[in-house]
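Reading through the structure tokens given below for one structure.
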Amino acid sequence: MNRTTEKGVEILFFCSAFISALLTLALFGFMLMLGLPLFAEGRFFSILTQPWAPHLGQFGIHPMIAGTLAISLLSMVFAFPLSLGCAILITVTSKGWVSRLLRKAVEMMTGIPTVIYGFVGIFLLVPLVREFFDAGSGMCVLTASLMLTLLVSPTMILFFCDSFERVPVAYGTAVLAVGGSEMQRFLHVTLPHSWPGILIGFTLSLGRALGDTLIALMIAGNAVQAPGSLLDSARTLTAHIALVFAADFESLEFKAIFACGIVLYLLTTLLVMAVRLLSGRKERWTR
Amino acid sequence: MRVLEQAVVHFSRLCGIILLGAVLTVIGYLFVHGWSSLGLSLIFGATPPLDALLMKRHVFNGLFPAVAGTLSLVALAICWAVPMGMAAGIYLAEYAGPKIKAILNLFFDIMAGLPSIVVGLFGFAVAVFLNRRFSGAIHPCLLISSMALAFLVLPYITRTTQMALEGLPLSARMTALSLGASRLQNIVRVLVPQSLSGIVSGIILAIGRCAEDTAVIMLTGVVASTGVPRSLLSHYEALPFYIYYISAQYTNSEELASGYGAAIILLCICLVLFLLAFAIRKRISYHALYRA
């Protein structure tokens with residue numbers, strides 16, 4: 001291969017990387033462009049705070065932002081302790097093949113399609129919640145966040161396990177040498193040293209919970225209201241995009257879904273930035 | 001102190017039981033309700049399978065169009081994403097200087113974190129844009145969907161390629177170079193073949209993501225019933241969308257049963273792909289897979 005091919009291929013590789021990265025910006029640009037009428041006369045800010053009332057000419061997405069936050073934060077409330085417990089089970093409490101089997105099972109869980117959780121949610125969890133809490137249709141914030149917990153936990157567990165295992169062995173050996181137990185080593189050495197990894201796992205899972213569409217769309221009920229209780233029906237930003245989508249695309253009603261897209265883009269980008277900051281800190285920490 | 005330690009042990013066991021119990025319930029529930037619907041007639045309806053496969057006759061009451069739609073969608077998306085993703089991964093691992101690398105990494109991180117519905121909205125916006133600017137014949141279709149899906153999985157393929165290459169030991173990196181190979185020869189003949197298991201497992205996982213994703217295709221041209229996709233610019237059916245559609249719109253128990261059947265098929269496809277990726281590489285990089 002001569003020099004020209006070498007250079008040509010390098011340029012080809014560079015273009016691929018560069019164009020891919022540019023697509024990320026192009027996506028944002030497209031949404032700004034199509035949602036442009038929203039930004040006229042400082043309307044964007046009011047869209048974030050107003051309610052959704054198309055018949056009154058109000059296309060605010062405040063209820064959807066509230067719904068997204070309620071469902072994803074509640075699912076983190078369930079998923080965080082659950083994942084921490086499971087990660088402790090895999091790395092500390094269980095040994096040998098049990099631990100390996102559990103880990104494999106959790107890894108397999110990351111491959112279960114979202115739509116399956118939604119589907120089973122409709123036919124299994126929704127009736128249960130309805131009977132148990134005697135709550136309307138059973139499609140509510142609680143139902144959706146319970147299913148979402150199952151979706152986000154596996155990856156959170158794997159991140160936690162990883163950050164436990166990254167703590168240098170020598171630190172823990174000291175505890176064992178002075179007669180401490182495995183659990184004491186974990187509680188007093190491993191856990192305090194792995195908090196950056198735990199935060200990273202948490203943040204990434206929150207991003208995933210914010211961005212999931214199908215579970216909320218299928219089992220949260222999709223009522224346009226800021227949920228007042230766990231048993232209220234709610235609509236997330238993602239579900240809103242999927243639902244309003246069918247409408248006429250010149251209308252302001254339709255333009256508002258680009259506001260949802262922009263808010264989702266900014267939220268997930270913010271979380272990615274947080275993770276990058278944390279990983280930078282983590283590297284310093286372990287060095 | 002003893003009490004706390006004991007409590008943590010019990011708590012961890014309880015968490016394990018809850019998680020495994022919940023997942024086994026989900027999978028068990030599907031199989032209990034969908035087992036009876038599994039069979040050739042679930043896919044081909046009343047049409048003889050061979051006729052359906054040879055496109056001689058249309059399949060009604062069967063999942064064949066949805067399966068065909070999903071397969072063509074995945075194949076197309078992977079066709080777009082693999083060359084681009086691998087090239088970008090190779091650039092990041094082998095050519096990029098530290099500054100450019102940091103900037104590109106940031107963009108790929110953001111890309112990997114984007115919710116799939118936002119990617120779908122982008123695909124739709126592009127379709128609308130092309131429709132207005134160039135030709136009224138362009139509307140949300142198989143081509144647009146597959147490109148949007150390619151965008152969705154591009155960061156996985158880039159990341160797994162990059163990580164596989166960066167993970168190679170220095171000795172593997174230097175041998176061919178010291179024998180006089182050029183940089184490109186070294187990459188094509190030595191580095192990529194050496195890290196192939198990592199790259200391929202990433203591609204398999206990307207296939208799984210393409211097969212299961214519903215949010216992207218919902219906005220970019222999937223419909224509930226249209227038959228086998230006829231061209232790149234036509235509407236199509238897909239398994240995950242069928243499952244979603246049935247859960248909301250089923251009219252009789254037969255349709256519902258086929259929904260369960262479709263869910264089992266999709267679950268099996270995704271789990272088999274996962275096992276395959278495992279078999280190729282012991283520990284997969286779920287870091288690259290992190291997205292909704």
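The values are calculated or read from the model by the stated rules, or taken from the named source; none is laboratory data. What you see is a predicted model; the values in this text were computed from it and never measured. Note: ideal-geometry Cβ built from the backbone for every residue, glycine included; neighbour counts use all protein chains shown. In case anyone asks, the SASA skips ligands and DNA or RNA and just uses the protein heavy atoms, side chains included. Shrake-Rupley method; radii C 1.70, N 1.55, O 1.52, S 1.80 Å.
A few notes on this one:
- Among the conditions (1) among the polar types (S, T, N, Q); (2) in contact with a Lys or Arg (Cβ under 8 Å, 6 or more places away or on another chain); (3) buried (at least 22 other Cβ atoms within 10 Å of the Cβ), the only one that A:Asn222 does not satisfy is (3).
- Selection count, region B:226-255, where residues are open to solvent by less than 30 Å² (accessible area, probe 1.4 Å) and either closer than 23 Å to A:Ala105 by Cα or within 12 Å of another protein chain (Cβ to nearest Cβ) (or both): 7
- Only one of A:Leu199, A:Leu237, A:Leu210 that is surrounded by fewer than 20 Cβ atoms within 10 Å (Cβ to Cβ), touching a residue at least 60 places away in the same chain (Cβ under 8 Å) and under 20 Å from the mean Cα position of the chain (by Cα): A:Leu199
- Cβ-Cβ under 9 Å pairs, at least 6 apart or on other chains, region B:186-212 side among the basic types (Lys, Arg), far side buried (at least 23 other Cβ atoms within 10 Å of the Cβ) and outside any helix (DSSP H, G or I): B:Arg209/B:Arg291
- Identity of the residue in region A:4-35, in contact (Cβ under 8 Å) with a residue 12 or more places away in the chain and more than 8 Å from every other protein chain (Cβ to nearest Cβ), that ends up farthest from B:Ala87 (Cα to Cα): A:Gly35
- Only a single criterion out of (1) over 19 Å from the mean Cα position of the chain (by Cα); (2) more than 23 Å from B:Ala257 (Cα to Cα); (3) assigned to a helix (DSSP H, G or I) is not satisfied by A:Met156, namely (1).
- When A:Ser194 is tested against the conditions (1) closer than 21 Å to A:Ile112 by Cβ; (2) buried (at least 22 other Cβ atoms within 10 Å of the Cβ), the lone failure is (1).
- Of residues in region B:141-172 being of a type in the set (Gly, Ala, Ser) and either assigned to a helix (DSSP H, G or I) or under 16 Å from the mean Cα position of the chain (by Cα) (or both), the one surrounded by the most Cβ atoms within 10 Å (Cβ to Cβ): B:Ser145
- Matching entry among A:Leu25, A:Leu36 (being closer than 16 Å to A:Leu266 by Cα and surrounded by fewer than 14 Cβ atoms within 10 Å (Cβ to Cβ)): A:Leu25
- Helices (runs of 4 or more DSSP H) (entirely within region A:43-138) containing at least 1 residues that are closer than 26 Å to A:Gly228 by Cβ and open to solvent by less than 20 Å² (accessible area, probe 1.4 Å): A:43-49, A:62-88, A:114-120, A:126-133
- Residue match in region B:140-151 (condition: at pLDDT below 85 and within 25 Å of B:Ile243 (Cα to Cα)): yes
- Some residue of region B:121-134 being free of Cβ contacts under 8 Å to residues at least 60 places away in the same chain, open to solvent by 40 Å² or more (accessible area, probe 1.4 Å) and not in a helix (DSSP H, G or I): yes
- Scanning region B:39-62 for residues that are under 13 Å from B:Glu255 (Cα atoms) and touching a helix residue (DSSP H, G or I) at 6+ places or on another chain (Cβ under 6 Å) gives B:Leu42, B:Ile43, B:Gly62.
- Residues considered: A:Phe119, A:Phe133. Of these, the only one that is under 22 Å from A:Asp232 (Cα atoms) and away from chain B (no Cβ under 13 Å) is A:Phe133.
- Any hit, region B:40-57, residues being within 30 Å of B:Leu154 (Cα to Cα) and open to solvent by less than 30 Å² (accessible area, probe 1.4 Å): no
- Some residue of region B:48-71 being among the aliphatic types (A, V, I, L, M) and in contact with a Cys (Cβ under 9 Å, 6 or more places away or on another chain): no
- Scope region A:1-22; condition open to solvent by less than 50 Å² (accessible area, probe 1.4 Å) and among the hydroxyl-bearing types (Ser, Thr, Tyr); matching residues: A:Ser16, A:Ser20
- Members of region B:3-26 that are at the interface with another protein chain (Cβ under 8 Å from one of its Cβ atoms) and β-branched (Val, Ile, Thr): B:Val8, B:Val9, B:Ile18, B:Val23, B:Thr25, B:Val26
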